[in-house]
Amino acid sequence: MREPISKRSRLGLDWTNFFISDVQTSFGSFVAFYLAGLNWSKPDVGLVLTIGGLAAVISLIPGGALADEIARKRLLVACGIISLAGAALIYAFVPTFQMVVLAELLHGITAGLIGPGISAISLGLVGRRAMSSRTGRNQRFQAAGTAITAGLMGFIGATFSTPAIFFATAGFCMPALLALNLIQPKEIDYHRARNAKTGDKSRERSRLIDLAKNPPLLAFAACLMLLQLADASMLPIIGENLALGGGRLSSLYMSGLVVVPQLVVAALAPWAGYHSEKRGRKPLLLVAFGMEALRALLLALFSLYPILILVQVLNGVSGAIITVLTILVITDLTTGSGRFNLTVGLVGMLQATAAAISTTVSGFLFAKFGTSIGFLGITGVAVAATLLLWISVPETKPSDYLD
């Protein structure tokens, strides 16, 4: 479906997603890899990642509320990009415990700025009917940026030094800001951007208590939280093991594990958006959740690098589906509420909470019981998330769109 926006805004949103993913690639798994290479213990790595996760939790609700309230959606995203640049420079120059905590705080608060900001801009530009194709396109450019940058970061880390990865990260902030500036603010419909009613009722908002009385929304959020509890620590744990046993080429091995799923996501994200319209949301989500359980089981049984690549291919397939459909299901369940971005923030808060718990608990779990038992525990959590989705979440795709 042709998106009702100018070519300049469409390309601006495409490349904003691309370059933002460039900036974000160096965080998460590369941070765990970097700190492990500095001889940080697994519990300490888990602790600082948890601090970043908690900062994200705190920022998500006010960030979502701001995205619903203010007209200057691009400003939220710009503030997030600048915060990421500051965090990257701290990692490059002063990776002490106190300064790494500060970097994780800066990184964490961007969750409440960039995610809801991009979602609000997208919905405000294209509307509900075209949101599936737009979300798939967003994810394709994000994944392509991550894949290209991860390969580049692996090369930089192997050729120069791991801190050089974070210098490059800061450098990507400028093209991200330039791309963001291409989006025309007059084309972002304020009421459509928060999923409000149409016509004379466009200024109305649902009460916050109404969100808490939406059983499908609550069930879906619980499923995502359980899955994030399983998923968040998998790649960081792999990265720590590679850093300890992979030698000088370990950064290249790590970049390969980051690149592979992103290539899969870049290929499949538009497909996920398209088939969510043809087949509905729930069947695709069940497949994706099941793949995360299979992924954890493979990690419990095997540690050879080719198996790790296969595991990351599965992660790419599930990631393409879950990332795209999460936004679409929230759009479906908040239609006419005027609380779309706040809901994105609330759901993101639950996911960030689960991710923070996951990285902390897994650090101690793997240290005490070993790799196989740790990944078997993760498998059980992923299976539970899949069963909960099957039992409690209905199909959400509307028979007709409000706009």
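The values are calculated or read from the model by the stated rules, or taken from the named source; none is laboratory data. Here the structure is a predicted model, which is why all the values come from computation and not from measurement. Using ideal geometry, Cβ is built from the backbone for each residue, glycine included, and neighbour counts are taken over all protein chains shown.
The rows are residues; the columns are (1) under 19 Å from residue 70 (Cα atoms); (2) more than 19 Å from the chain's Cα centre (by Cα); (3) without any contact (Cβ under 8 Å) to a residue 12 or more places away in the chain.
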residue	(1), (2), (3)
129	no, yes, no
138	no, no, no
148	no, no, no
156	no, yes, no
160	no, yes, yes
164	no, yes, no
170	no, yes, no
173	no, no, no
187	yes, yes, no
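The condition of being touching a Lys or Arg at 6+ places or on another chain (Cβ under 9 Å), modelled with pLDDT of 90 or more and small (Gly, Ala, Ser) holds for residue 124. The single condition among (1) buried (at least 18 other Cβ atoms within 10 Å of the Cβ); (2) at pLDDT below 80; (3) of a type in the set (Lys, Arg) that residue 194 does not meet is (2). Of all the residues in segment 94-105, those that are in a helix (DSSP H, G or I) and either free of Cβ contacts under 8 Å to residues at least 40 places away in the same chain or crowded, with 24+ Cβ neighbours inside 10 Å (or both) number 6. Restricting attention to segment 148-199, the residues that are in a helix (DSSP H, G or I), touching a Gly at 6+ places or on another chain (Cβ under 7 Å) and among the basic types (Lys, Arg) add up to 1. Here 160, 172 are screened, and the one residue that is in contact with a helix residue (DSSP H, G or I) (Cβ under 7 Å, 6 or more places away or on another chain) and not hydroxyl-bearing (Ser, Thr, Tyr) is 172.
When residue 338 is tested against the conditions (1) on the phi < 0 side of the Ramachandran plot; (2) surrounded by fewer than 24 Cβ atoms within 10 Å (Cβ to Cβ); (3) in contact with a strand residue (DSSP E or B) (Cβ under 8 Å, 6 or more places away or on another chain), the lone failure is (1). Remark: residue 206 falls outside the filter, which requires a residue to be modelled with pLDDT under 80 and part of a helix (DSSP H, G or I).
Among residues of segment 388-400 that are within 21 Å of residue 128 (Cα to Cα), those with a Cβ under 6 angstrom from a residue that is modelled with pLDDT under 95 and small (Gly, Ala, Ser), sequence gap 6+ or separate chain, pair up as 395/280; 397/280.
You will find that of 272, 243, the residue that is modelled with pLDDT of 80 or more, among the small types (Gly, Ala, Ser) and either crowded, with 22+ Cβ neighbours inside 10 Å or at negative phi (or both) is 272 and no other.
In segment 388-402, is there at least one residue being within 14 Å of residue 222 (Cα to Cα) and surrounded by 22 or more Cβ atoms within 10 Å (Cβ to Cβ)? Give the derivation first.
As a first pass, look at segment 388-402 and keep what is within 14 Å of residue 222 (Cα to Cα): 388-394.
Now narrow it down to the ones that are surrounded by 22 or more Cβ atoms within 10 Å (Cβ to Cβ): 389, 393.
Checked segment 388-402: at least one residue is within 14 Å of residue 222 (Cα to Cα) and surrounded by 22 or more Cβ atoms within 10 Å (Cβ to Cβ).
Among the residues of segment 34-61, those that are assigned to a helix (DSSP H, G or I), out of contact with any helix residue (DSSP H, G or I) (no Cβ under 6 Å at 6 or more places or on another chain) and more than 19 Å from residue 92 (Cα to Cα) comprise 47, 58. Among the candidates 52, 112, the residue that is in contact with a Ser or Thr (Cβ under 6 Å, 6 or more places away or on another chain) and buried (at least 22 other Cβ atoms within 10 Å of the Cβ) is uniquely 112. Of all residues being surrounded by 24 or more Cβ atoms within 10 Å (Cβ to Cβ) and modelled with pLDDT of 80 or more in segment 35-48, which is farthest from residue 163 (Cα to Cα)? Just the residue, please. Looking at the filtered set, the residue picked out is 45. When residue 27 is tested against (1) of a type outside the set (Asp, Glu); (2) part of a helix (DSSP H, G or I); (3) at pLDDT below 90; (4) within 20 Å of the chain's Cα centre (by Cα), exactly one condition is not met: (2).
Scanning segment 300-320 for residues that are surrounded by 24 or more Cβ atoms within 10 Å (Cβ to Cβ) and either within 12 Å of the chain's Cα centre (by Cα) or not in a helix (DSSP H, G or I) (or both) returns 319, 320.
Look at residue 361 and say whether it is within 28 Å of residue 254 (Cα to Cα), buried (at least 20 other Cβ atoms within 10 Å of the Cβ) and out of contact with any Lys or Arg (no Cβ under 7 Å at 6 or more places or on another chain). For residue 361, the condition - within 28 Å of residue 254 (Cα to Cα), buried (at least 20 other Cβ atoms within 10 Å of the Cβ) and out of contact with any Lys or Arg (no Cβ under 7 Å at 6 or more places or on another chain) - is not met. Residues in segment 276-314 that are in contact (Cβ under 8 Å) with a residue 60 or more places away in the chain and farther than 30 Å from residue 134 by Cα: 296, 297, 299, 300, 301, 303, 308.
Does residue 80 count as under 23 Å from residue 334 (Cβ atoms), modelled with pLDDT of 90 or more, of a type outside the set (S, T, N, Q) and in contact with a Lys or Arg (Cβ under 9 Å, 6 or more places away or on another chain)?
no
Under 23 Å from the mean Cα position of the chain (by Cα) and over 29 Å from residue 332 (Cα atoms): does that describe residue 371? No, not satisfied.
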